[in-house]
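A quick write-up on the structure given underneath.
The values are calculated or read from the model by the stated rules, or taken from the named source; none is laboratory data. Please read these numbers as outputs of a predicted model, since none were measured by experiment. Because the Cβ atoms are built from the backbone with ideal geometry, glycine has one as well, and the counts that use them run over all protein chains shown.
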Amino acid sequence: MNAAQGTVGSDPVILATAGYDHTVRFWQAHSGICTRTVQHQDSVSSPAAPPGPLPGGGPLLSPGGAQVNALEITPDRSMIAAAGYQHIRMYDLNSNNPNPVINYDGVSKNITSVGFHEDGRWMYTGGEDCMARIWDLRSRNLQCQRIFQVNAPINCVCLHPNQAELIVGDQSGAIHIWDLKTDHNEQLIPEPEVSVNSVHIDPDASYMAAVNSSGNCYVWNLTGGIGEEVTQLIPKTKIPAHNRYALQCKFSPDSTLLATCSADQTCKIWRTSNFSLMTELSIKSNNPGETSRGWMWDCAFSGDSQYIVTASSDNLARLWCVETGEIKREYSGHQKAVVCLAFNDSVLG
Amino acid sequence: MDLSKQCNLNWSRIKIVHCTKLDKILCIQNMNHLDSVFGFDFLFCLFVWVSLSAVFVVLGTVSMEQDGEKSHVTSDDTGMCEMVLIDHDVDLEKFNPSSTYGDSGSETQGSNGETQGYVYSQSVDITSSWDFGIRRRSNTAEELSSLFEKKNFRVKSPCSGKQSILSVRLEQCPLQLNNPFNEYSKFDGKGHVGTTATKKIDVYLPLHASQDKLQPMTVVTIANAKVHDLIGLICWQYTSEGREPKLNDNVNAYCLHIAEDDGEVDTDFPPLDSNEPIHKFGFSTLALVEKYSSPGLAAKQSLFVRINAAHGFSLIQVDSMKVTMKDILQKALKRRKGSQRGSGPQYRLEKQSEPNVPVDLDCTLESQSTLEFCLVRENSSRGEEISEEDPQIDIATVQDMLSSHHYKSFKVSMIHRLRFTTDVQLGISGDKVEIDPVTNQKASTKFWIKQKPISIDSELLCACDLAEEKSPSHAIFKLTYLSNHDYKHLYFESDAATVNEIVLKVNYILESRASTARADYFAQKQRKLSRRTSFSFQKEKKSGQQ
């Protein structure tokens with residue numbers, strides 16, 4: 001992809017954060033400098049906003065809140081998707097165009113989760129309207145092509161490494177596995193009535209992890225999933241990871257670690273060999289009188305699994321060393337809580 | 001549902017609900033027929049579509065069935081999405097495409113070779129754009145199958161524990177510039193280009209000996225920042241860029257002045273008001289200046305040792321606390337007129353608080369923990385009548401004291417901000433200190449300070465200290481006084497002798513008056529000093545910035 005000099009897309013390391021202050025910020029991860037800020041809300045009053053319709057056609061509507069719930073970079077690093085209330089906006093990473101180049105509208109309520117097929121052919125989303133959708137990225141069609149409906153608002157969607165099965169977690173506590181080819185679907189409910197907040201499968205497709213509002217982290221072994229085989233889930237373990245809501249879980253790129261983020265101000269890193277705790281990354285204050293500094297909302301590992309970036313509601317994102325738990329960098333600039341991030345790090349060699 | 005009716009209504013292909021597969025096929029066929037009949041009468045189509053879609057939006061249902069032989073097209077209330085449940089049993093060989101069908105050939109022909117009947121997933125296509133031709137969906141079932149084919153995820157390049165680019169960069173750049181001004185980074189407008197109003201400013205930085213040529217630093221701020229925020233942003237960027245020398249951690253130590261394009265600071269104007277928004281000012285060239293950039297040396301408190309003697313006291317100036325008591329005694333004796341070494345009566349020093357205990361002359365002043373002593377003749381004690389042998393001693397002391405209260409005027413230079421000086425006449429007496437401008441200034445266009453005469457009552461004087469003694473011809477002292485509940489500092493310069501004389505004189509007055517203003521001032525200084533030593537430099541991050 002031909003990236004313009006000095007644009008976010010021209011850097012092999014891309015870090016983006018977003019949250020409640022209506023901006024998406026891009027950072028130079030190793031120095032902590034903010035290199036680009038994109039206003040997520042269409043600000044009509046700003047004198048710098050270019051007039052006229054946006055590319056892609058149609059007026060841009062963003063009434064009622066422009067918070068960003070989820071961020072995801074396309075696999076070819078050409079765009080970033082920001083999912084919010086009733087829309088998904090794609091911003092160009094290879095230019096400094098402040099406006100979204102594609103705007104998917106016409107969905108109701110918050111989109112809570114977004115992701116891509118590894119070849120960039122289609123995008124998947126999940127939202128509060130109880131639907132998971134597939135969107136064709138190759139056409140300019142702004143409607144989704146497929147829907148999978150469940151009975152409760154969807155919090156998280158995750159794509160199996162086989163690129164053909166979608167895992168959906170909803171607020172009723174159910175986890176659905178949707179076979180995209182056959183439309184076959186299965187449910188499992190690790191803890192009834194407790195909202196599932198995040199699901200993730202490791203790159204080797206050996207494990208699936210899910211965290212819920214009880215603070216528990218459930219892990220299954222995965223088998224099958226190739227060719228005609230349907231993926232089988234065998235319960236492996238339950239980790240009582242946090243004593244407050246668990247908000248996010250992520251496996252490291254080398255599959256040796258699992259990170260869980262929580263409202264208890266910590267992100268815990270577990271070894272997948274035995275699911276013991278390796279490191280606790282905490283933003284708790286040393287002052288016993290001080291109330292919570294903020295929730296840990298999201299996290300992402302670096303390409304070699306040595307570092308992890310976290311987003312928290314104290315307006316900061318931080319880079320930590322996974323092994324020592326030391327804070328290496330702070331990314332400061334957001335004026336409100338940072339609830340999601342996207343990290344694309346390249347590996348050498 | 002009556003098929004013909006459905007077809008009439010559905011010419012715009014909004015919805016088919018719960019048809020059997022056959023019905024569906026027929027519908028499609030009929031609709032195409034309709035299409036060719038009506039041609040492309042745009043406005044008519046538009047009108048009908050709008051009215052019908054209104055009807056169907058109201059009637060919208062969503063359904064999903066996974067079993068059975070039905071194929072369903074469903075749509076939600078917005079009419080923007082649809083889903084087709086693929087029914088593998090559709091056998092399109094039964095379907096006879098008519099000639100009006102258009103370019104269907106290429107898409108149906110592939111069905112014959114497939115092991116299972118592929119689904120003609122190309123259902124009615126709802127678009128929000130004004131497109132009324134039949135739009136063949138590009139996803140045929142064949143393509144759908146390939147779109148959602150399971151990939152063999154086990155075949156992938158091994159993750160061989162190589163480093164990521166981030167790790168490499170972190171190694172090369174080990175320190176996050178722990179920037180004390182991070183909270184101001186949010187005013188950086190560089191990332192906001194095109195979205196928010198920003199202002200580009202060239203800032204000249206404090207000039208230092210190593211720089212012979214001034215080069216401004218370009219800063220882009222968001223326009224609604226205040227001057228105070230801009231100063232913070234400038235400090236942040238300066239520190240981020242690793243410039244030397246390091247700035248004072250405190251943003252309040254700096255102010256912004258308007259500057260010429262070549263970097264010369266325009267002293268005709270006072271510094272920009274911290275609270276004003278930056279967009280109020282049209283200036284694009286500014287200079288960052290330290291406030292009160294006169295002397296810069298924290299004026300050390302002049303050290304005076306008070307030597308009490310019969311009927312009065314003397315002030316002996318010392319350089320440091322490390323001076324020996326022997327030196328002090330010698331200085332005290334020297335002050336006395338007519339004293340000769342080795343001759344005359346011997347004297348000893350006692351701490352004022354410890355009568356009859358002679359001070360060990362080899363000890364330092366520091367070890368005494370006091371600055372007040374008493375000069376006592378050997379073999380006598382304080383307050384004894386002075387013998388007639390040395391009648392002049394006390395007179396000297398008294399004279400010192402009295403003369404300090406006499407009015408004397410000095411011609412000195414008063415130092416303003418930016419080292420700009422004015423000539424003044426300093427009149428000092430026991431009652432007050434007066435500062436009057438000398439009117440015969442050299443014609444100077446930069447004379448922007450209308451120096452008003454200042455009169456300070458002695459009761460309000462707090463301190464007078466030597467600030468700098470560069471050479472016999474150049475010394476600076478600082479005068480501190482209380483004005484409206486604030487401590488104000490004035491700096492003056494002159495030759496060393498004059499400066500020392502003034503400092504001594506004022507200190508005599510201060511000592512003898514022992515005013516409350518002075519006592520309060522020292523108490524406050526002491527508090528500040530003790531606070532500073534316990535101050536922790538680990539800044540806590542604030543949550544909820546403004």
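Side notes on the structure shown:
- Any hit, the stretch B:486-497, residues being farther than 19 Å from residue B:317 by Cβ, surrounded by 11 or more Cβ atoms within 10 Å (Cβ to Cβ) and at pLDDT below 85: no
- Whichever residue in the stretch A:303-314 is within 11 Å of another protein chain (Cβ to nearest Cβ) and in contact (Cβ under 8 Å) with a residue 60 or more places away in the chain and, among such residues, is surrounded by the most Cβ atoms within 10 Å (Cβ to Cβ): A:309
- Number of the condition not met by residue A:294 [criteria: (1) farther than 19 Å from residue B:172 by Cβ; (2) more than 18 Å from the chain's Cα centre (by Cα); (3) more than 11 Å from chain B (Cβ to nearest Cβ)]: (3)
- Look at (1) out of contact with any strand residue (DSSP E or B) (no Cβ under 6 Å at 6 or more places or on another chain); (2) modelled with pLDDT under 95 and you find that residue A:102 fails only one, number (1).
- Note on the stretch B:259-287: residues that are hydrophobic (A, V, I, L, M, F, W, C) and surrounded by fewer than 20 Cβ atoms within 10 Å (Cβ to Cβ) total 4.
- Of all the criteria given as (1) part of a loop (DSSP other than H, G, I, E, B); (2) modelled with pLDDT under 70, the one not satisfied by residue B:399 is (1).
- For residue B:184: the one exception among (1) at pLDDT below 85; (2) at the interface with chain A (Cβ under 7 Å from one of its Cβ atoms); (3) not in a loop (DSSP other than H, G, I, E, B): (2)
- Residues that are under 15 Å from residue A:16 (Cα atoms) and under 22 Å from the mean Cα position of the chain (by Cα) do not occur anywhere in the stretch A:269-281.
- Residue ID - farthest from the other protein chains (Cβ to nearest Cβ), chosen from residues in the stretch A:272-291 that are in contact (Cβ under 8 Å) with a residue 12 or more places away in the chain and over 24 Å from residue A:32 (Cα atoms): A:275
- Wholly within the stretch A:241-349, strands (runs of 3 or more DSSP E) carrying at least 2 residues that are of a type outside the set (Val, Ile, Thr) and under 28 Å from residue B:180 (Cβ atoms): A:277-282, A:296-301, A:307-312, A:316-321, A:327-332, A:338-344
- Criterion violated by residue A:76 - all others in (1) closer than 23 Å to residue A:175 by Cβ; (2) surrounded by fewer than 18 Cβ atoms within 10 Å (Cβ to Cβ); (3) not small (Gly, Ala, Ser) satisfied: (1)
- Residue B:263 vs. criteria small (Gly, Ala, Ser) and either at pLDDT 80 or above or in a helix (DSSP H, G or I) (or both): no
- Listed conditions (1) out of contact with any Asp or Glu (no Cβ under 7 Å at 6 or more places or on another chain); (2) more than 11 Å from chain B (Cβ to nearest Cβ); (3) more than 23 Å from residue A:76 (Cα to Cα) are all met by residue A:147, apart from (2).
- Residue A:320 meets all of the listed conditions (1) under 25 Å from residue B:236 (Cβ atoms); (2) within 9 Å of another protein chain (Cβ to nearest Cβ); (3) without any contact (Cβ under 8 Å) to a residue 60 or more places away in the chain but one, namely (2).
- Looking across the stretch A:223-240, the residues that are in contact (Cβ under 8 Å) with a residue 40 or more places away in the chain and either assigned to a loop (DSSP other than H, G, I, E, B) or within 14 Å of chain B (Cβ to nearest Cβ) (or both) come down to A:225, A:226, A:230, A:231.
- Residue A:13 vs. criteria at pLDDT 85 or above, out of contact with any Phe, Trp or Tyr (no Cβ under 7 Å at 6 or more places or on another chain) and of a type in the set (Val, Ile, Thr): yes
- Single match in A:226, A:189, A:201 (criterion: surrounded by 15 or more Cβ atoms within 10 Å (Cβ to Cβ) and over 20 Å from residue A:275 (Cβ atoms)): A:226
- When we screen A:205, A:164 for residues that are more than 29 Å from residue A:307 (Cα to Cα), within 21 Å of the chain's Cα centre (by Cα) and within 12 Å of another protein chain (Cβ to nearest Cβ), the only hit is A:164.
- Criterion violated by residue B:256 - all others in (1) in a helix (DSSP H, G or I); (2) crowded, with 18+ Cβ neighbours inside 10 Å satisfied: (1)
- Under the condition of being within 14 Å of chain B (Cβ to nearest Cβ) and among the hydrophobic types (A, V, I, L, M, F, W, C), the residues counted in the stretch A:185-202 number 1.
- Filtered residues of the stretch A:110-129 (kept if within 12 Å of chain B (Cβ to nearest Cβ) and either more than 18 Å from the chain's Cα centre (by Cα) or of a type in the set (D, E, K, R) (or both)): A:118, A:119, A:121, A:129
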